[in-house]
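**Q** Below you'll find the structure I mean.
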Amino acid sequence: MSDSRRGGKEPVGIDELLERVRAGFVRVGPQEAVAATADGALLVDIRYAELRERDGLIPGALVVERNELEWRLDPQGSHRASQAVSHDLHIVVVCNEGYASSLAVESLRQLGLHRATDLIGGFQAWRAAGLPVDV
């Protein structure tokens, strides 16, 4: 593929892309996520239904399918969730193991949600830390 078809950018692998994306924000661990939610952060679970059904839910987390995330969290969007009230909202995105959530955070930050971050290790780290899960 020519540079013009790629937008002039050199291709990168997913590991390099994750490294670049994660350099733009501070990720949080399970205990930090708990503290953030106690301070008003919105915990957003983007795992797909099969994983939620298999492993359970984090109590109080907003469940938003990954393919709807930007539409539901854009404070200016017509399809926003009631919690998406400001670009200053502190958001902690949770996927299954902490990979897809980093890419999701990059997308949210492009929408101006400058306090978005993700949970290192995702839901599996939450559960391994012995934090509450509704099954």
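Bear in mind that the values in this text are calculations on the coordinates, not laboratory data. This one's a predicted model, so the numbers in the text were calculated from it and none came from an experiment. With ideal geometry, Cβ positions are generated from the backbone for all residues, glycine too; neighbour counts draw on all protein chains shown.
**Q** Among the candidates 61, 84, single out the residue that is surrounded by 14 or more Cβ atoms within 10 Å (Cβ to Cβ), in contact with a Pro (Cβ under 7 Å, 6 or more places away or on another chain) and either of a type outside the set (Lys, Arg) or more than 19 Å from residue 122 (Cα to Cα) (or both).
**A** Numbers: 61 fails: in contact with a Pro (Cβ under 7 Å, 6 or more places away or on another chain).
Only one candidate qualifies: 84.
**Q** Name every residue in the range 20-48 that is more than 13 Å from residue 101 (Cα to Cα), out of contact with any helix residue (DSSP H, G or I) (no Cβ under 6 Å at 6 or more places or on another chain) and not in a loop (DSSP other than H, G, I, E, B), in order of residue number.
**A** 20, 31, 32, 33, 34, 35, 36, 37, 38, 42
**Q** Go through the range 85-118 and report how many residues are without any contact (Cβ under 8 Å) to a residue 24 or more places away in the chain and under 23 Å from residue 59 (Cβ atoms).
**A** Here is the first cut: in the range 85-118, the ones without any contact (Cβ under 8 Å) to a residue 24 or more places away in the chain are 85-86, 110.
Right, trim to under 23 Å from residue 59 (Cβ atoms) and you get 85.
Number of matching residues: 1.
**Q** Please go through the range 107-135 and give me each residue that is in a loop (DSSP other than H, G, I, E, B) and in contact with a Pro (Cβ under 6 Å, 6 or more places away or on another chain), ordered by number.
**A** Here is the first cut: in the range 107-135, the residues in a loop (DSSP other than H, G, I, E, B) are 111-115, 120-121, 129-133, 135.
Within the range 107-135, 129, 131, 132 qualify.
**Q** Out of the range 93-135, which residues are within 10 Å of the chain's Cα centre (by Cα) and either of a type in the set (Ser, Thr, Tyr) or more than 23 Å from residue 15 (Cβ to Cβ) (or both)?
**A** 99, 101, 102, 107, 117
**Q** Taking into account only those residues within the range 49-102 that are in a helix (DSSP H, G or I) and small (Gly, Ala, Ser), which is nearest to residue 133 (Cα to Cα)? Walk me through how you get there before you give the answer.
**A** Restricting attention to the range 49-102, the residues satisfying the condition of being in a helix (DSSP H, G or I) are 49-55, 66-73, 100-102.
Narrowing further to those that are small (Gly, Ala, Ser): 49, 100-102.
Working: 49: 15, 100: 20, 101: 19, 102: 22 Å.
The extreme case among them is 49.
**Q** Then there is this: Criterion first (farther than 21 Å from residue 132 by Cβ, touching a Ser or Thr at 6+ places or on another chain (Cβ under 8 Å) and basic (Lys, Arg)) does residue 22 satisfy it?
**A** Considered against the rule, which asks whether it is farther than 21 Å from residue 132 by Cβ, touching a Ser or Thr at 6+ places or on another chain (Cβ under 8 Å) and basic (Lys, Arg), residue 22 comes out as yes.
**Q** Mind checking which residues of the range 66-84 are within 13 Å of residue 107 (Cα to Cα) and in contact (Cβ under 8 Å) with a residue 40 or more places away in the chain?
**A** So in the range 66-84, the residues within 13 Å of residue 107 (Cα to Cα) come out as 66-74.
Across the range 66-84, the qualifying residues are 70, 73.
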